[in-house]
Amino acid sequence: MDSIKKILITGGAGFIGSSLADKLVRNKRYHVVIVDNMLTGNIDNLPSKEYTNWKYIHCDVNRYSEIAPIMQTNTFDYVFHYAAVVGVQRTLKNPVLVLEDITGIKNILDLARYTGVKRVYYASSSEVYGESIEYPQHEHTTPLNSRLPYAVVKNVGESYLRSYKKEFDLDFTIFRFFNTYGPKQSRDFVITRFVKAALKGEPLTIYGDGLQTRTFCYIDDNIDASVRAMEENLYVNDVINIGSEIEYTILSVAEDVIALTNSSSSIQFLEALEEGDMKRRQPDIHKMAQLLNRDMTPFTQGLARIISVLAKKYTASVI
């Protein structure tokens, strides 16, 4: 019988971290420890209590005194370091707070190498590419053009991982997430913000002309690919774009949301953001496709799932 594998998820009460926890706790061979400081996490995101192979600990990974006892008293096989300050507006308004996440990255890596962690999985971001000149954005050929604090921190984190591998032989895998969406996502992100506004009959607000493009990866696709990377030891000491290759303009997304919710909401255009709103996103997803090994969730299908979940909260406002 396989021994129990112990897994740490930092930021595990956030959207992607908690979705990862939901997947892992269904496997009795895993014991999952979730840490989060609840800056952007939500206690309601934690796994169902019907599963007994997990526990939550309130912890700020940027504080060594808080994360050290947890990692020193548990012999973790794998760490998914997903804790970070997230959200475009939040990261733009709190650049120093964002930079503090570098301390958390170093804390995790130092403790991982001292406590026998086999591999660290790191949540990076498409933001490290900045405003690219090469599409699709390939993990090893597209220049990284980080400028905003959030993107710089993610890039620094990637450099830390490579350096710790070179000097201390600590294995890693880097996930560069491209606009993952799903029912648990907070209103700070475009899909959930649009859906909630449409269900309430409120205007859907767009920065600029709405012709900036994004690709959208449904949460199940993100999690299935990430877990397979761990379970089958794939792309060790490598970088993986986790996303979809199909581009949508933000305007077309707003129109799709209005249509799928049968809403009478209007679309309201706001002044373009001075920074942080890249014109285009499109990842090279060859590695992602190999990991997923199935068709990706169609965008409208993913939208329909989100609408179904959120509509229960806003039924009275649906038009």
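Full extension of the chain between Glu231 and Arg187 gives 12.7 nm of extra length, using 0.36 nm per residue less the Cα-Cα distance. Within the stretch 218-319, the percentage of alpha carbon pairs spaced more than 16 angstrom apart rounds to 68%.
A simple packing score, the average count of other Cβ atoms within 10 Å per residue, orders the peptides 209-221, 226-238 as 209-221, 226-238, with the highest score first. Here the calculated FRET efficiency for Glu274 and Ser308, from their Cβ-Cβ distance with R0 = 35 Å, stands at 0.45, rounded to the nearest 0.05. Size descriptor for the stretch 172-236, Kirkwood hydrodynamic radius: 14.0 Å (Cα pairs only, one decimal).
Given a cut-off of 21 Å, name the pairs among Lys23/Lys184; Lys93/Lys196; Lys23/Lys200 whose C-alpha atoms lie farther apart than that in the structure shown. Pairs exceeding the cut-off: Lys93/Lys196; Lys23/Lys200. Cross-link partners for Lys165 among the aspartates and glutamates, with Cα-Cα distance under 17 Å and sequence neighbours closer than 8 places in the same chain left out: Asp77, Asp110, Asp238.
Length, then width, then depth: along the principal axes, the Cα atoms of the stretch 187-277 run 48, 30, 21 Å. Neighbour counting of Cβ atoms within 10 Å sorts the residues Ser244, Ser159, fewest neighbours leading, into Ser159, Ser244. Computed from Cα atoms, the angle from the helix 299-314 axis to the main principal axis of the chain rounds to 80 degrees. If the chain linking Gln290 and Glu202 were pulled fully straight, counting 0.36 nm for each residue of separation and taking away their Cα-Cα distance, it would gain 27.6 nm.
Computed from label points 7 Å out along Cα-Cβ, the spacing between Asp209 and Ile102 is 3.7 nm. Cross-link partners for Lys28 among the lysines, with Cα-Cα distance under 16 Å and sequence neighbours closer than 8 places in the same chain left out: Lys5, Lys6, Lys49, Lys55.
Ordering Leu199, Met230, Ile240 by Cα displacement along the dipole of the stretch 172-244 toward the positive end leaves Leu199 in first place; charges were set at the Cβ atoms of Lys, Arg (+1) and Asp, Glu (-1). Report the far tail of the P(r) of the chain, meaning the percent of Cα-Cα pairs longer than 33 Å. That fraction is 23 percent.
From least to most packed, judged by other beta carbons within 10 angstrom and beginning with the fewest, Ser18, Ser308, Ser266 follow the order Ser308, Ser266, Ser18. Between the helical axis of 101-115 and the longest alpha-carbon principal axis of the chain there is an angle of about 30 degrees. To test your reading of the geometry: what angle, between 0 and 90 degrees and rounded to tens, separates the Cα axis of helix 15-25 from the longest principal axis of the chain? Value to nearest ten degrees: 50. Does anything in the stretch 264-291 have its amide N under 18 Å from the 7 Å Cα→Cβ label point of Glu131, and if so which residues? Within reach of a label on Glu131: 271-282.
Note on the stretch 146-202: Cα-only Rg and Dmax are 17.3, 56 Å.
Bear in mind these aren't lab numbers, they're just calculated from the coordinates by the rules spelled out. The structure presented is a predicted model; accordingly, all values stated were derived computationally and were not measured. Glycine also receives a Cβ, built like all others from the backbone with ideal geometry; neighbour counts cover every protein chain displayed.
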